[in-house]
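The values are calculated or read from the model by the stated rules, or taken from the named source; none is laboratory data. Note that the coordinates shown come from a computational prediction; the quantities given were computed from them, not determined experimentally. Neighbour counts are summed over all protein chains in view; Cβ atoms, including those assigned to glycine, are modelled from backbone coordinates with ideal geometry. Surface accessibility is based on the protein's heavy atoms, side chains included, excluding ligands, DNA and RNA. Shrake-Rupley method; radii C 1.70, N 1.55, O 1.52, S 1.80 Å.
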Amino acid sequence: MSFLQGLWFFVIGLLFAGFLLLEGFDFGVGMATRFVARDGDERATFMRAIGPHWDGNEVWLITAGGAMFAAFPLWYASLFSGYYLLLFLVLVSLILRGVSFEFASHALTSRERGVWQWANFIGSLFAPFFLGMMLTSLIQGIPMDKNGDAWPGFFDVFNWLSVVGGIAVVFFSFVHGLHFLSLKMGVMDSRRMLNVSEKAYWIAYPALVVFVLLAIFNTDFYKARPLSTWLITVIILASVIGGHVAVFKKRGGYAFTCSGITLMAIIAFIFNGLFPRVMIADDPAHNLLIQDASASPLTMKIMTVVLCIFLPIMLAYFIWSYFIQRKRLDTDGAHLTSPVAPSATVAETV
């Protein structure tokens, strides 16, 4: 395995981690529109809080898929064909959530707005669940041949570890979203978000124990790479405890940082265990390795040059966009008027 092959495996993992870090709180806010919001106006305020960011955050997932296609075409082919239906469900969820922002903002009645707020919630709930299922399914070993063709069956995709993994991504995205709202809402609403997440954290500890036990018995991570795997496990536990302590002390910024580390560490756990493989077969002789799945050396060099040019530009843009949208929404005392077209009032009155 060459340096560039290892570099791009790391970059793709970093892109997935960046996606969960940024889009994770978007998903969490979408879930909070039903689990936490008190009425339609507050749901609209929640959606408004992530309005400037959600579409840009999805770019991280698109970039990860594009980088996988260019740097590791055999990995891309095996993963996207083997998990076609699951990825299709992820795509449908993302589309449903994406259109909900625009349609909710142009709804003419409260009923229409409610339909699209439900669409936002459903998309925000199922997109991370299906993505988490896929990521924790492929680390267990699936049916593959020596050519890298994968055909996972129903129980290869839907099993205890994959379901718990999907729920874990949903849960930590939800908590991450509450922490983001605590930084965007007024003081009273901010404290309410932290109070909800403080109670939710108690679910995380038994869930982590269950996930680790399932991973020990259903993957080779703790046997093949024990030191790094246990280290990442400890980081996940420490970030969960740190987030819990932060919300108890009503420190939203620290809580947001800890929940972001937790989501990124989940991706680190998966990619660390995969290395030096990209796909794990139920027959170890058919494992797809990084060095066998990669593109040509020339392609890797060109991609690295492009990465060095455009990555700083992309990071600068993201930092700038979050900086100019850093102010809190004024929500104390009364809910903001929902972002519905002016004609909505007339239509509802009639």
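How many residues does region 248-265 contain that are modelled with pLDDT of 95 or more and open to solvent by less than 30 Å² (accessible area, probe 1.4 Å)?
7
Collect the residues in region 87-109 that are buried (at least 20 other Cβ atoms within 10 Å of the Cβ) and not hydrophobic (A, V, I, L, M, F, W, C), keeping them in residue-number order.
The answer is S93, R97, S100.
Specify the residue that is surrounded by the most Cβ atoms within 10 Å (Cβ to Cβ); the eligible residues are those in region 110-144 that are hydroxyl-bearing (S, T, Y) and at pLDDT 90 or above. Give the steps one after another, and end with the answer.
Pass one, region 110-144, residues hydroxyl-bearing (S, T, Y): 110, 124, 136-137.
Add one more test, that the residue is at pLDDT 90 or above, and what stays is 124, 136-137.
On the way: S124: 32, T136: 29, S137: 24.
Among those that are hydroxyl-bearing (S, T, Y) and at pLDDT 90 or above, it is S124.
Which condition does G177 not pass, out of (1) within 20 Å of the chain's Cα centre (by Cα); (2) assigned to a helix (DSSP H, G or I); (3) within 30 Å of A293 (Cα to Cα), if it passes all the others?
(3)
Quick one: in region 228-247, which of the residues that are under 24 Å from L288 (Cβ atoms) and among the polar types (S, T, N, Q) is least open to solvent (accessible area, probe 1.4 Å)?
Filtering region 228-247 down to residues under 24 Å from L288 (Cβ atoms) leaves 228-229, 232.
From the residues that got through so far, the ones that are among the polar types (S, T, N, Q) too are 228-229.
Numbers: S228: 33, T229: 1 Å².
If we take residues in region 228-247 being under 24 Å from L288 (Cβ atoms) and among the polar types (S, T, N, Q), then T229 is least open to solvent (accessible area, probe 1.4 Å).
Only one of (1) open to solvent by less than 20 Å² (accessible area, probe 1.4 Å); (2) outside any helix (DSSP H, G or I) is not met by N147, so which one is it?
Status for N147: all satisfied but (1).
Can you find a residue that is free of Cβ contacts under 8 Å to residues at least 24 places away in the same chain and either buried (at least 22 other Cβ atoms within 10 Å of the Cβ) or on the phi > 0 side of the Ramachandran plot (or both) anywhere in region 280-300?
Among the residues of region 280-300, not one is free of Cβ contacts under 8 Å to residues at least 24 places away in the same chain and either buried (at least 22 other Cβ atoms within 10 Å of the Cβ) or on the phi > 0 side of the Ramachandran plot (or both), which makes the answer no.
Looking at L227, L288, L298, can you tell me which residue is within 17 Å of L7 (Cβ to Cβ) and aliphatic (A, V, I, L, M)?
Working: L227 fails: within 17 Å of L7 (Cβ to Cβ); L288 fails: within 17 Å of L7 (Cβ to Cβ).
That would be L298, the only listed residue that is within 17 Å of L7 (Cβ to Cβ) and aliphatic (A, V, I, L, M).
Take region 150-174 and flag every residue that is touching a residue at least 40 places away in the same chain (Cβ under 8 Å), part of a helix (DSSP H, G or I) and of a type outside the set (F, W, Y).
Passing the criteria: V157, L161, V164, G165, I167, A168, V169, V170, S173.
Quick one: how many residues across region 124-144 are of a type outside the set (A, V, I, L, M), in contact with a Phe, Trp or Tyr (Cβ under 6 Å, 6 or more places away or on another chain) and not in a loop (DSSP other than H, G, I, E, B)? Give the derivation first.
From region 124-144, those of a type outside the set (A, V, I, L, M) are 124, 126, 128-130, 132, 136-137, 140-141, 143; that's our starting set.
From what's left, in contact with a Phe, Trp or Tyr (Cβ under 6 Å, 6 or more places away or on another chain): 124, 128, 143.
So of that shortlist, the ones also not in a loop (DSSP other than H, G, I, E, B) come out as 124, 128.
The total comes to 2.
Restricting to region 47-58, give me the number of residues that are assigned to a helix (DSSP H, G or I) and either under 10 Å from Q325 (Cα atoms) or under 18 Å from the mean Cα position of the chain (by Cα) (or both). First the steps, then the outcome.
Just the residues of region 47-58 that are assigned to a helix (DSSP H, G or I), to begin with: 47-50, 54-57.
Right, trim to either under 10 Å from Q325 (Cα atoms) or under 18 Å from the mean Cα position of the chain (by Cα) (or both) and you get 47, 49-50, 54-57.
Count: 7.
Evaluate the following for I309: is it open to solvent by 60 Å² or more (accessible area, probe 1.4 Å), at pLDDT below 95, outside any loop (DSSP other than H, G, I, E, B) and more than 21 Å from I12 (Cβ to Cβ)? Talk me through it step by step, then tell me what you get.
Numbers: open to solvent by 60 Å² or more (accessible area, probe 1.4 Å): yes; at pLDDT below 95: yes; outside any loop (DSSP other than H, G, I, E, B): yes; more than 21 Å from I12 (Cβ to Cβ): no.
Criteria not met by I309.
What number of residues within region 198-227 are open to solvent by 60 Å² or more (accessible area, probe 1.4 Å) and in contact with a Gly (Cβ under 9 Å, 6 or more places away or on another chain)?
3
Restricting attention to region 60-80, does a residue exist that is of a type in the set (A, V, I, L, M, F, W, C), surrounded by 18 or more Cβ atoms within 10 Å (Cβ to Cβ), touching a residue at least 24 places away in the same chain (Cβ under 8 Å) and under 23 Å from F180 (Cα atoms)?
yes
For region 170-197: of the residues being among the aliphatic types (A, V, I, L, M) and open to solvent by less than 10 Å² (accessible area, probe 1.4 Å), which is farthest from T136 (Cα to Cα)?
Within region 170-197, the subset among the aliphatic types (A, V, I, L, M) is 170, 175, 178, 181, 183, 185, 187-188, 193-194, 196.
Restricting the remaining residues to those that are open to solvent by less than 10 Å² (accessible area, probe 1.4 Å) gives 175, 178, 181, 185, 193-194.
On the way: V175: 20, L178: 24, L181: 28, M185: 34, M193: 29, L194: 29 Å.
Among residues in region 170-197 that are among the aliphatic types (A, V, I, L, M) and open to solvent by less than 10 Å² (accessible area, probe 1.4 Å), the one farthest from T136 (Cα to Cα) is M185.
Look at region 266-292 and say how many of its residues are at pLDDT 95 or above and of a type in the set (F, W, Y).
Of the residues in that region, 2 qualify.
Which condition does D189 not pass, out of (1) in contact with an Asp or Glu (Cβ under 6 Å, 6 or more places away or on another chain); (2) closer than 28 Å to T45 by Cβ, if it passes all the others?
(1)
Need pairs with beta-carbon distance below 6 Å; first residue charged (D, E, K, R) and within region 183-197, second in a helix (DSSP H, G or I); sequence gap 6+ or separate chains.
Close Cβ pairs (under 6 Å, with a partner that is in a helix (DSSP H, G or I)) amount to K184/A49.
Give, as residue ranges, the helices (runs of 4 or more DSSP H) completely inside region 195-286 that count at least 2 residues that are under 18 Å from the mean Cα position of the chain (by Cα) and under 17 Å from A17 (Cα atoms). Walk me through it before giving the result.
Details: elements: 221-224, 226-248, 252-274.
Correct list: 226-248, 252-274.
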